[in-house]
Amino acid sequence: MASHRVSDLVQYIGMSGKIKINGKLRAYVQAPVLLGVILLLVNLGIYFVDLRCGVILTAFVAVYLVTIACMIIFARPAMNAELISFATEYGQIQKQLLKELELPHALLDESGCVIWMNKAFEKLGSRDRFYKRNIHSFMPEMKRELFPEGEEVKDIDLVFEEKDYSARIKRICLKDMAALTDIKENEEYDGFLYAVYLFDRTALNLALKELDNQSVAVGYIYIDNYEEALASVEDVGRSLLGAFIDRQVNQYIGDLDGIVRKMEKDKYFVILRKSALNQAKEGKFKLLEDVKGINIGNEISVTLSVGIGIGGLTYAQNCEFARNAIDLALGRGGDQAVVKNKENLCYFGGKSQMKETSTRVRARVKAQALEEIISTRDRIFVMGHRNGDMDSFGAMVGIKAAAGSLQKNCYIVIDEINPSLQPLVDLYKGHQDFEEGSIVSPQQAIELADPSAVVVVVDVNRPSITECPELLKRCKTIVVLDHHRQGQETIENATLSYVEPNASSACEMVSEILQYINNGVKFKGVIADCMYAGIVMDTQSFTTKTGVRTFEAAAFLRRNGADVTRVRKMFREDAVDYMAKAESIRNAEVYRKDYVISSCSAEGLKNPTVVAAQAANDLLNINGVKASFVLTEYQGQIFISARSIDEVNVQIIMEKLGGGGHINSSGAQLKNTTMEAAIIVVKNTLDTMIQEEEI
């Protein structure tokens, strides 16, 4: 019945001549008529040539014109009907194709509600589940604020019914369409719809994931204390210890379906797939604990450092990442794994206490290199970290003494001198050989610096917290001397880097270096006092982080005139500071039985961070406490002082909060927060790390 109505409508429109043919089709229709006119003109010309031929041609033209006229008169309605029928069927076909399209497709209104969908979209769930419902309700990733506002097309990745999809959204403006309807009377009408197409990416993502899992990771495994471990075993057991270590390394990498090759007696080269590396990360590199468990009578546990590189554009770049990772693992004290890719670093392990090496060969080599660098420069700058302490100042004074012995100008860069450091600075300035103008501000240092100058950075290896980060950019030659573990942020392109986490303090390292520069640097007692005070402060009067070399450095300074009594007087506290520390200890909270958390009021204190650090040290005297955390507010930030003895690595805890430091002494700063919120952050961090067995 519907087809008959369509035919009747077609016939009526065709007979009434309402349809006008345009374009190429009109030219094709008019071509026979034009050809007939041309034939008439030719026929007239033939009459002048031959009368009989003209008559014959006239008869032919007459038949031709009659035929064309009949076709135009009688065939035009049929042709129009065919055209309309084709157009109608074409529109129906388009509509059916869109409905039957295997690609899920839907139309949304301005608020994101589904107002139409094809069969493929319905198959994702059901029509009742989708129709007239906001698409965000069943596809949470499809947020209204992510929809395009102009002619651009937005792509959104989403997961629906355990399948991965890429949704392409296009905004369809109805203004032009409205102009063809009665809505055109409202000229301000600006309605629109959203067309949504869903592309199934599940198989593609699986293939990409599988390809990514097969990518190559390159790594190095170093034995941190190979010689020391062998020395603690009887001669007959040394080869057996090495065999056990080889077996553990080979078995671990073999279980991960990787390749390991021994390069030297204490070094291995490793190749893994990314999926195997992920498996190792999930197990938190169990190899570190397995090797430490080897015991055939050795007094010293064997520890490993692992550096893995992945995510580079080439194998060579992965190898470079691995080299940087292993250097970082060693620089952080060993017994840990570092995974480096193009974007970030991941740390695993690092729970063991570091063992000090008795040999000073490395110190001698670094001292000779430093002497050569200073000898070839006319201007030397030395700086420590912001809010400097006695250790950084003592180390700076020691480097200046080394430069002076080589007849070189050296400037100590200090911005603000905190009250706890002021007595030591005054003592140094009162020295008879003190050079006026040798202590400069960061601004003065920048004005004096040029590319040929050298800057020596002591007691810090993070450029962002140095006294003058801009100075690192002005000087091409950079020397780093530090005893803190390295983190993700390091001073790049250092000509000489001597980072020794086993050392107790920067002053200990500088004291060793001074003994090898220019056949031993000679200096006055005040300089020795400054360096001795730095060691005393960082070792808490030789009670923590001390080793043989620490006492040797102290003995060297004593021989050069360090006065113990004078140094001790500089550590005396003001009554206000002492009471603030006592109040902080009184208000301490024991958390999870093993940790103590407290806050220190900054009111009336000249340097609350120092008082907080002292309180954290004193809290460790409580029986059963593994680590202490004292927070104080200073310069609009919350400073956290974290301390431990030997059971907890507080550095990895502070790194979670953006800080760092030493395994037993670390800190962090939190911005834009309150004391109560900061304490909650510390507690949550401890909870997470305990749950994940990181501490």
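Some observations on this one:
Here's the yes/no breakdown for (1) without any contact (Cβ under 8 Å) to a residue 24 or more places away in the chain; (2) among the polar types (S, T, N, Q); (3) in contact with a Phe, Trp or Tyr (Cβ under 6 Å, 6 or more places away or on another chain):
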residue: Ser601; (1), (2), (3): no, yes, no
residue: Ala612; (1), (2), (3): no, no, no
residue: Asn617; (1), (2), (3): no, yes, no
residue: Asn623; (1), (2), (3): yes, yes, no
residue: Ile638; (1), (2), (3): no, no, no
residue: Ile652; (1), (2), (3): no, no, no
residue: Gly661; (1), (2), (3): no, no, no
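- Residue in the range 473-487 that is of a type in the set (Ser, Thr, Tyr), crowded, with 19+ Cβ neighbours inside 10 Å and closer than 23 Å to Asn387 by Cβ present: no
- Residues being over 22 Å from Ala506 (Cβ atoms) and assigned to a strand (DSSP E or B) - total across the range 638-680: 3
- Here is the figure for the range 214-270: residues that are touching a residue at least 12 places away in the same chain (Cβ under 8 Å) and in a strand (DSSP E or B) total 15.
- Number of the condition not met by Asn607 [criteria: (1) modelled with pLDDT under 90; (2) not assigned by TED's automatic domain parsing to the domain that holds Glu647]: (2)
- Scanning the range 439-468 for residues that are touching a helix residue (DSSP H, G or I) at 6+ places or on another chain (Cβ under 8 Å) and over 23 Å from Cys507 (Cβ atoms), we see that the one that is surrounded by the most Cβ atoms within 10 Å (Cβ to Cβ) is Ala449.
- Answer from Leu193, Leu146, Leu108 - the residue that is among the hydrophobic types (A, V, I, L, M, F, W, C) and either modelled with pLDDT of 90 or more or surrounded by fewer than 16 Cβ atoms within 10 Å (Cβ to Cβ) (or both): Leu146
- Hits in the range 488-527 - residues which are among the polar types (S, T, N, Q) and either in contact with a Gly (Cβ under 6 Å, 6 or more places away or on another chain) or surrounded by fewer than 21 Cβ atoms within 10 Å (Cβ to Cβ) (or both): Gln488, Thr490, Asn493, Thr495, Ser497, Asn502, Ser505, Gln515, Asn518, Asn519
- Count of the range 377-412 residues, restricted to those that are more than 30 Å from Gln614 (Cα to Cα), among the polar types (S, T, N, Q) and touching a Ser or Thr at 6+ places or on another chain (Cβ under 9 Å), is 1.
- Test: residue in the range 444-456 that is under 21 Å from Thr376 (Cβ atoms), in contact (Cβ under 8 Å) with a residue 40 or more places away in the chain and within 28 Å of the chain's Cα centre (by Cα): no
- Of all residues in the range 111-143, those satisfying the criterion of being at pLDDT 85 or above, part of a helix (DSSP H, G or I) and over 16 Å from Tyr197 (Cβ atoms) are His136, Ser137, Phe138.
- Of all residues in the range 469-486, those satisfying the criterion of being closer than 21 Å to Met509 by Cα and in a loop (DSSP other than H, G, I, E, B) are His483, His484, Arg485, Gln486.
- So Arg273, is it assigned by TED's automatic domain parsing to the domain that holds Tyr226, surrounded by 14 or more Cβ atoms within 10 Å (Cβ to Cβ) and out of contact with any His (no Cβ under 9 Å at 6 or more places or on another chain): yes
- A single entry from Ser601, Ser641 fulfils the requirement of being under 25 Å from Ile535 (Cβ atoms) and not hydrophobic (A, V, I, L, M, F, W, C): Ser641.
- Residue list for the range 571-594, restricted to those being under 39 Å from the mean Cα position of the chain (by Cα), over 16 Å from Leu620 (Cβ atoms) and among the β-branched types (Val, Ile, Thr): none
- Residue in the range 77-100 that is modelled with the highest pLDDT, counting only those that are closer than 22 Å to Phe192 by Cβ and not basic (Lys, Arg): Leu98
- Check on Val460, in a loop (DSSP other than H, G, I, E, B), under 28 Å from Thr544 (Cα atoms) and at pLDDT 90 or above: yes
- Among the residues here, Ala615 qualifies as surrounded by 14 or more Cβ atoms within 10 Å (Cβ to Cβ) and outside the structural domain of Leu427 (by TED's automatic domain parsing).
- Qualifying position, being part of a helix (DSSP H, G or I) and among the charged types (D, E, K, R), among Glu508, Glu489: Glu508
- As for the range 163-173, it holds at least one residue that is small (Gly, Ala, Ser), touching a Leu at 6+ places or on another chain (Cβ under 7 Å) and at pLDDT 85 or above.
- Residues located in the range 621-633, provided they are buried (at least 19 other Cβ atoms within 10 Å of the Cβ) and either in a loop (DSSP other than H, G, I, E, B) or not aliphatic (A, V, I, L, M) (or both): Val625, Ser628, Phe629, Thr632, Glu633
- Residue ranges of helices (runs of 4 or more DSSP H) in the range 543-608 with at least 1 members within 23 Å of Asn684 (Cα to Cα): 575-586
- Summed over the range 412-438, residues that are out of contact with any Cys (no Cβ under 8 Å at 6 or more places or on another chain), surrounded by fewer than 19 Cβ atoms within 10 Å (Cβ to Cβ) and under 26 Å from Ile535 (Cβ atoms) total 14.
- For the range 466-493, filtered to residues that are among the β-branched types (Val, Ile, Thr) and at pLDDT below 90, the residue that is farthest from Gly334 (Cα to Cα) is Ile491.
- Candidates Leu313, Leu287: the one that is within 30 Å of Lys342 (Cβ to Cβ) and modelled with pLDDT under 90 is Leu313.
- Checked against the criteria, Gly254 counts as at pLDDT below 95, surrounded by fewer than 20 Cβ atoms within 10 Å (Cβ to Cβ) and either under 20 Å from Ala337 (Cα atoms) or under 29 Å from the mean Cα position of the chain (by Cα) (or both).
The values are calculated or read from the model by the stated rules, or taken from the named source; none is laboratory data. Just so it is clear, the model here is predicted, and its values are computed rather than measured. FYI the Cβ positions are ideal-geometry reconstructions off the backbone, even for glycines, and counts take in every protein chain you see.
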